[in-house]
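Just below is one structure, and these are the notes that go with it.
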Amino acid sequence: MSPSRLRLVALGVDDDLVVELTSADDPDVEHRLVPRRLAPTADDRAAGRDRFEVTVDGWVIVVTAESADRAALRERATRLSAVTGHAGPLTLKAKIPGRVARVWVTVGTEVQQGDRLLSIEAMKMENEIRAPRAGTVSAVAVAVGDRVELGSDLAVVG
Amino acid sequence: MKQSRTEPPFRRLLIANRGEIALRIIRACRELDIETVAVFSDADADALHVRAADQSYRVGPAPAAASYLVADAIIAAAVAAGADAIHPGYGFLSEQAAFAAAVEARGIVFVGPTPDTLAGLGDKIAARQSARANDVPIVPGTFEPIAVGGVGDEQRIASIASEIGYPVLVKAAAGGGGRGMRRVDDPAELSAAVTAAAGEALQSFGSASVYLEHYVEGGRHVEVQLLGDAHGNIVALGERDCSIQRRHQKLVEEAPAPGLTADDRRRIHGLAVRVARSVGLRNAATAEFLVTGSGEAYFLEVNARLQVEHGVTELVSGIDLVHEQLWIAAGQPLSDEVVAASHDLVQPDRHAIELRISAEDPARAFAPMPGRISRWREPAGPGVRVDSGVAEGMTVSGDYDPLLSKILVVAPDRDGAIRRARRAVAELETGGIQTTLPFHAWLLRHPAFVSGAVRTDLVDRDWAPSPLREAAARRAISAVAQLLRPGRSASEDAGTPGVAGHPDDRPDATTGGAWAQIARREATERWP
């Protein structure tokens, strides 16, 4: 087996931090940091990816590790589907658990990128969910007062 | 009046709250041989305060509006439990006059001010009027609710605001705890802001009444701890600086307020006592002031309850404020120790700092981050006190306030307290959910904070999390790379410091190292 390359991705707020290493590289020594292995998600299993959590100076950072070759293959496949125009409808998922406080759109509403779709209230704070791109709302999966969990479907922009 | 503190002040007390403050009150009751009764929502059936109390009653489903805010359910629990007193903690029903009155109507003691005092202070406009009538300086602003939506209202508001001077704050008369506030810099935005604030106030507080106040740039938030007994005695127990805030909500509090002279303290303590006297204050309360860069103090409002940050005052004064609340509620006069402490606190000989550890992501504008706490190890050691409402393995619900824990430190001086706080922050281990911990680590080395130059706009001006988080992400990647490096054996992994004894934390331990395992998976699984 040739020396394998590993792709490590630290999930970020806006951008992920991606580092690729070969087995010959010698990473910086971080004696005091203890990565905790997380239960793999369905996507992780499908991608053969490992998921870790490391707390650094209070920052709770999730790092995924997978073969760089596999990641490259998958990216090529994704690019291919985008080029052939199969971007498809976009399902918005809840990034925080909470309660639906307001819904500004209904099925058929035309939205521009950045338009308010709905808001989720968690811990006394209202968080607005905005359209990631222009399109037509093709589904609204929640109503005011509904409880949503992390990853729950909220709406679909087609 | 002679004191007789030989018998417990109450036989059985119900705590109408949850989280760390419920535990704090249970601890005080234990020390005074008072039996405790907890209440809980469905989300809290297994919470620490329920486990700690002698008995517990369910009061409703998860949303606070259906459980911790339902006065009838809580009073029914108190009656069923045979409680002779109710401590409301902070938030929830703590400052609701109608709740206090309903409790007293059932012959149960409400640990707090009288319903009349609560009604008077709950209306911030009435509190401003009362301060003005007692010659206590107040921030320029209105003394009547602002009318919205009527003919000519828009012009009237605009002329009032320009008289007060921009920027102005639109505040809800029934607001509190930093909620129901909007800052307006541009006169063109005023009308919309007032309308929106009134709508929000109606939704959140049940009253659309709002007022305007001049926003003081570069100000500090200083508040005075007050205790009053049922016999008309009122003292100030020193002050706290709570300038480190985001969204008008406190992140860090300290006592005493840095940079004040003994004369400054005497003056501001005196103003607070004057306000308290004018409203007939009983039990514990806090008078909030805005202190300008030039040292002038303006009265803002009174919070007629125990504050989240009461612990820093306890560490500096040596007085247990919850004990005192209970003795006062039982009709005892202020103790000699309290009176002596109120004099000593003009020149305190200790410094305390509190850090609020909340389930919020400081890299996402402090957005709330509920979830499961997979790791939680609290700091300990000299001069450290931790008031927590959580434990490892618990799930933080999105239904309540994100405050998880308060880390308090005390030292002979401010410099020592900052050093101790840095050490405590480094000792706190967290995982599973993002907390405000990285903010605290940064703040405790921020030159302006370290020098005592605290201002309410410090966080907005100086907190830039992206580079800090990215540096942490790089180190996290290095740590994972190391863990996965070739040749790392199972026995080596098991010997990693901090791992032994915690099976959940054990890194993947496979012969030949995880790196090799990932490579093998690559060879055996086909893609796509």
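Annotations
- Evaluation of B:Arg422 against (1) within 12 Å of chain A (Cβ to nearest Cβ); (2) not in a helix (DSSP H, G or I) (one fails), failing number: (2)
- Residue list for the range B:395-409, restricted to those being buried (at least 19 other Cβ atoms within 10 Å of the Cβ) and within 13 Å of B:Gly432 (Cα to Cα): B:Val396
- Residue identified as at the interface with chain B (Cβ under 8 Å from one of its Cβ atoms) and aliphatic (A, V, I, L, M) among A:Leu73, A:Leu118, A:Leu92: A:Leu73
- Residues located in the range A:44-70, provided they are more than 7 Å from chain B (Cβ to nearest Cβ) and touching a residue at least 24 places away in the same chain (Cβ under 8 Å): A:Ala47, A:Val62, A:Thr64, A:Ala68
- When the range B:161-190 is filtered for residues that are at pLDDT 85 or above, within 19 Å of B:Pro140 (Cα to Cα) and out of contact with any strand residue (DSSP E or B) (no Cβ under 6 Å at 6 or more places or on another chain), the ones remaining, listed by number, are B:Ser162, B:Glu163, B:Tyr166, B:Asp185, B:Asp186, B:Pro187.
- The number of residues in the range B:359-403 that are part of a strand (DSSP E or B), within 17 Å of the chain's Cα centre (by Cα) and more than 11 Å from chain A (Cβ to nearest Cβ) comes to 4.
- Any pair with Cβ under 8 angstrom, 6 or more apart, that starts in the range B:185-210 at a residue that is over 13 Å from B:Val168 (Cβ atoms) and ends at one that is of a type outside the set (A, V, I, L, M, F, W, C) and exposed (fewer than 13 other Cβ atoms within 10 Å of the Cβ): B:Thr195/B:Gly149
- The residues on offer are A:Val29, A:Val63, A:Val54, and the sole one that is closer than 15 Å to B:Ala472 by Cα, surrounded by fewer than 18 Cβ atoms within 10 Å (Cβ to Cβ) and of a type in the set (Val, Ile, Thr) is A:Val29.
- Filtered residue count, the range B:121-164, keeping only those that are at negative phi and assigned to a loop (DSSP other than H, G, I, E, B): 15
- Every residue from the range B:425-470 that is without any contact (Cβ under 8 Å) to a residue 24 or more places away in the chain and facing another protein chain (nearest Cβ under 8 Å): B:Ala441, B:Glu470
- Of all residues making up the range B:160-184, the number that are in contact with a His (Cβ under 7 Å, 6 or more places away or on another chain) and either without any contact (Cβ under 8 Å) to a residue 40 or more places away in the chain or under 19 Å from B:Arg247 (Cα atoms) (or both): 3
- When residues in the range A:125-139 are screened for being surrounded by 17 or more Cβ atoms within 10 Å (Cβ to Cβ) and either of a type in the set (D, E, K, R) or within 20 Å of the chain's Cα centre (by Cα) (or both), 3 of them pass.
- Among the criteria (1) farther than 25 Å from B:Ala276 by Cβ; (2) in contact with a Pro (Cβ under 6 Å, 6 or more places away or on another chain), the one B:Ala193 does not fulfil is (2).
- Pick from the range B:92-108, criterion touching a residue at least 24 places away in the same chain (Cβ under 8 Å) and assigned to a loop (DSSP other than H, G, I, E, B), ranking: nearest to B:Gly19 (Cα to Cα): B:Phe92
- Residue check, A:Val9 under 19 Å from the mean Cα position of the chain (by Cα), modelled with pLDDT of 90 or more, more than 7 Å from chain B (Cβ to nearest Cβ) and surrounded by fewer than 19 Cβ atoms within 10 Å (Cβ to Cβ): no
- Within the range B:418-475, the set of residues being polar (S, T, N, Q), within 29 Å of B:Ser397 (Cα to Cα) and more than 23 Å from the chain's Cα centre (by Cα) comprises B:Ser466 only.
- B:Gly112 being at pLDDT below 95, in a loop (DSSP other than H, G, I, E, B), farther than 15 Å from B:Ala38 by Cα and not acidic (Asp, Glu): no
- Of all residues making up the range B:109-125, the number that are among the aliphatic types (A, V, I, L, M), in contact (Cβ under 8 Å) with a residue 40 or more places away in the chain and surrounded by fewer than 22 Cβ atoms within 10 Å (Cβ to Cβ): 2
- For first residues located in the range B:334-350 and surrounded by 14 or more Cβ atoms within 10 Å (Cβ to Cβ), partners that are assigned to a loop (DSSP other than H, G, I, E, B) and of a type in the set (D, E, K, R) and lie 6+ apart or on another chain with Cβ distances below 6 Å form the pairs B:Leu334/B:Asp229.
- Residue that is more than 9 Å from every other protein chain (Cβ to nearest Cβ), in contact with a helix residue (DSSP H, G or I) (Cβ under 9 Å, 6 or more places away or on another chain) and of a type in the set (Val, Ile, Thr), where the choices are A:Thr41, A:Thr22: A:Thr22
- Residue satisfying all of: in the range B:366-388; of a type in the set (A, V, I, L, M) and modelled with pLDDT of 95 or more; surrounded by the fewest Cβ atoms within 10 Å (Cβ to Cβ) among these: B:Ala380
- Exclusive hit being basic (Lys, Arg), closer than 26 Å to B:Asp413 by Cα and surrounded by fewer than 24 Cβ atoms within 10 Å (Cβ to Cβ), set B:Arg240, B:Arg247, B:Arg274, B:Arg267: B:Arg267
The values are calculated or read from the model by the stated rules, or taken from the named source; none is laboratory data. Here the structure is a predicted model, which means the values were calculated and not measured. We place every Cβ from the backbone using ideal geometry, glycine too, and count neighbours over all the protein chains shown.
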